Amino acid sequence: MELTPKEIVKELNRYIIGQDYAKRAVAVALRNRYRRAQLPEEIRNEIVPKNILMVGPTGVGKTEIARRLAKLVDAPFVKVEATKFTEVGYVGRDVESIVRDLVEASVRLCKEQASQKVKTRATYMANERIIDIILHPNRKPSNPIDLLLGNKPKEPDIPESERQQISRRREELRAQLDAGELEDFEIEVEVEDTPQEVEINGASVSIGMIMGDMMPKKTKIRRMKVSEARRILISEEEGKLIDMDAVKEEACRRAEQDGIVFIDEIDKVAGRSNNGPDVSREGVQRDILPIVEGSTVNTKYGVVKTDYMLFIAAGAFHVAKVSDLIPELQGRFPVRVTLNPLTKEDFKAILSQTDNALTRQYEALLGVDHVHLRFDDTALDALAEIAQNENESKEDIGARRLHTLFEKVLEDISFNAAGDMPDVEVLINGDYVREHLGSDIASRDMKRFIL
């Protein structure tokens, strides 16, 4: 069952405070993908996603909205920085690598899902290999030449009485494996020797893959515990059971139809200067344009079209304006959303209402060393007020200001907690917060007021 826009917003509210307009925009864009998929092919091919441009200061949730959205729908997702790319002819990454990265993410996603379907069978086969290794520890490793020629080693004839004895021993070992009694037992395992990868033009290339599947895979003997051997052997067995051609085909399809590309710092390439360090800014925009408009990109998994990918661009636009982007690129982001700076109430809600609140994170972290933190309302009010004041008097870094404040407030507790003490409860209140942040509050940054 696909999520409705209201359900999507409800899920986003678990991690992101405020920014209701931005949440509604991405929720509608996501629902429209589901609506499009239900249409007949003739009309479906005519409907393209409405790309979104988010404008707002740093730390207010632009990236988090896109990241949580991708996890929510289990879609291929890639986040890129616009400043990492350069115009064709300059040293740097070309914009087509965005699509290649998205396809790689889609392949990983589809492979993980395919692995889950065969995991039970792969685990059984891995356990059988472990039993074989324990029963026959001195068996010679396979000969690559025999594998190349298709010659299988001949199994020796075993008397019936010995065969029954081996069968009983296998059952005993299987029961011990299921009970977890052999996890620390060390065995020698023949594993694939993965060739080292080298980076060529920003892409990882395995030297061993240049010859394709013409040569047998190289193996090596490793000594390890059964628990580690099972993990490696399960991965090998999953690779044998998974149809990688079907995975690659499905990955390319999902990248084309469901892929989400988040382009951050788009405002940093909005300058139009023709000299100095800005020489390739407009060139980057021109190179991004065909990808957003819809083009065909060659990847190592096949040809991928970008016509139906959803692009979400974001930028603070402190110096540059949205109108500084080239008109063609502006037109490809018809949905424009402005995110608001965070208020004191937003900061308090971030600390108390979200599932990943910093208060919960630090309570869990210090709980490992038997320090049980508790934050009362006065502490949350003080932290929220100081965060807002700091952002107003210094640079506005949004919710990231809370990380700075928490590290300062809990510095002494984190340093002295060593795990060698009995359980102790520590109450953090407003007085404690102001006491430990007093020097920072007093020394306001006055540079911005000096002419």
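The values are calculated or read from the model by the stated rules, or taken from the named source; none is laboratory data. This is a predicted model, so every value here is computed, not measured. Reconstructed Cβ throughout: ideal geometry from the backbone, glycine too, with neighbour counts over all protein chains shown. These area figures cover heavy atoms from the full protein model, side chains too; ligands, DNA and RNA do not enter into them. Shrake-Rupley method; radii C 1.70, N 1.55, O 1.52, S 1.80 Å.
Take region 313-328 and flag every residue that is farther than 15 Å from Pro57 by Cβ and touching a helix residue (DSSP H, G or I) at 6+ places or on another chain (Cβ under 9 Å).
Ala313, Ser323, Asp324, Leu325, Ile326, Glu328
Which pairs turn up if I take residues in region 95-109 that are within 20 Å of Asp287 (Cβ to Cβ) and open to solvent by less than 20 Å² (accessible area, probe 1.4 Å) and look for partners that are in a helix (DSSP H, G or I) and aliphatic (A, V, I, L, M) with beta carbon separation below 7 Å, at least 6 apart in sequence or on another chain?
Correct list of pairs: Val95/Ile288; Val95/Ile291; Ile98/Ile291; Val99/Ile291; Leu102/Ala255; Val103/Ala251; Val103/Ala255.
Return the residue satisfying two criteria in turn: it lies in region 75-99 and is assigned to a loop (DSSP other than H, G, I, E, B) and modelled with pLDDT of 80 or more, and of such residues it is farthest from Ile350 (Cα to Cα).
Asp94
Is it true that Val9 is in contact (Cβ under 8 Å) with a residue 12 or more places away in the chain, more than 28 Å from Ala357 (Cα to Cα) and among the β-branched types (Val, Ile, Thr)?
No; evaluated as a whole, the condition is false for this residue.
So, restricting to strands (runs of 3 or more DSSP E) that lie completely within region 268-385, which ones have at least 1 residues that are modelled with pLDDT of 90 or more and open to solvent by 70 Å² or more (accessible area, probe 1.4 Å)?
296-299, 302-305, 335-338, 371-375
Within the set of pairs 6+ apart or on separate chains, which have a first residue in region 110-127 that is under 20 Å from Asp74 (Cα atoms), a second that is not in a helix (DSSP H, G or I), and C-beta atoms under 7 Å apart?
Lys111/Ile242; Ala114/Ile242; Ser115/Ile242; Val118/Ile242
Of Ala70, Ala27, which residue is open to solvent by less than 70 Å² (accessible area, probe 1.4 Å) and in contact (Cβ under 8 Å) with a residue 60 or more places away in the chain?
Selected residue: Ala70, the only one of Ala70, Ala27 that is open to solvent by less than 70 Å² (accessible area, probe 1.4 Å) and in contact (Cβ under 8 Å) with a residue 60 or more places away in the chain.
Within region 48-67, take every residue that is open to solvent by 50 Å² or more (accessible area, probe 1.4 Å) and out of contact with any Pro (no Cβ under 7 Å at 6 or more places or on another chain) and give me the one that is modelled with the lowest pLDDT.
Per the criteria, the residue is Arg67.
How do the pairs read when you match residues in region 407-430 that are more than 13 Å from Leu366 (Cα to Cα) with residues anywhere that are exposed (fewer than 10 other Cβ atoms within 10 Å of the Cβ), using Cβ under 7 Å and keeping only pairs 6 or more apart or on different chains?
none
Would you please name the residue that is modelled with the highest pLDDT, looking only at residues in region 1-21 that are in a loop (DSSP other than H, G, I, E, B) and charged (D, E, K, R)?
Looking at residues that are in a loop (DSSP other than H, G, I, E, B) and charged (D, E, K, R), I get Arg14.
For residues that are part of a helix (DSSP H, G or I) and at pLDDT below 85, tally how many sit in region 411-451.
Final tally of qualifying residues: 8.
State yes or no: is Glu392 exposed (fewer than 12 other Cβ atoms within 10 Å of the Cβ) and in a strand (DSSP E or B)?
Considered against the rule, which asks whether it is exposed (fewer than 12 other Cβ atoms within 10 Å of the Cβ) and in a strand (DSSP E or B), Glu392 comes out as no.
Yes/no matrix, rows are residues, columns are (1) within 16 Å of Asp264 (Cβ to Cβ); (2) of a type in the set (Ser, Thr, Tyr); (3) out of contact with any Lys or Arg (no Cβ under 8 Å at 6 or more places or on another chain):
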residue: Tyr15; (1), (2), (3): no, yes, no
residue: Gly18; (1), (2), (3): no, no, yes
residue: Arg24; (1), (2), (3): no, no, yes
residue: Arg36; (1), (2), (3): no, no, no
residue: Glu46; (1), (2), (3): no, no, yes
residue: Met54; (1), (2), (3): yes, no, no
residue: Gly59; (1), (2), (3): yes, no, no
residue: Ala75; (1), (2), (3): no, no, no
residue: Val78; (1), (2), (3): yes, no, yes
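Give me a count of the residues in region 22-70 that are basic (Lys, Arg), touching a strand residue (DSSP E or B) at 6+ places or on another chain (Cβ under 8 Å) and not in a loop (DSSP other than H, G, I, E, B).
3
Just need a number here: residues in region 103-133 that are touching a strand residue (DSSP E or B) at 6+ places or on another chain (Cβ under 6 Å) and at pLDDT below 90.
Counting residues in region 103-133 that are touching a strand residue (DSSP E or B) at 6+ places or on another chain (Cβ under 6 Å) and at pLDDT below 90 gives 1.
May I ask you to verify whether Val80 is β-branched (Val, Ile, Thr), touching a helix residue (DSSP H, G or I) at 6+ places or on another chain (Cβ under 6 Å) and either closer than 27 Å to Val297 by Cα or in contact (Cβ under 8 Å) with a residue 60 or more places away in the chain (or both)?
Yes: the conditions hold for Val80.
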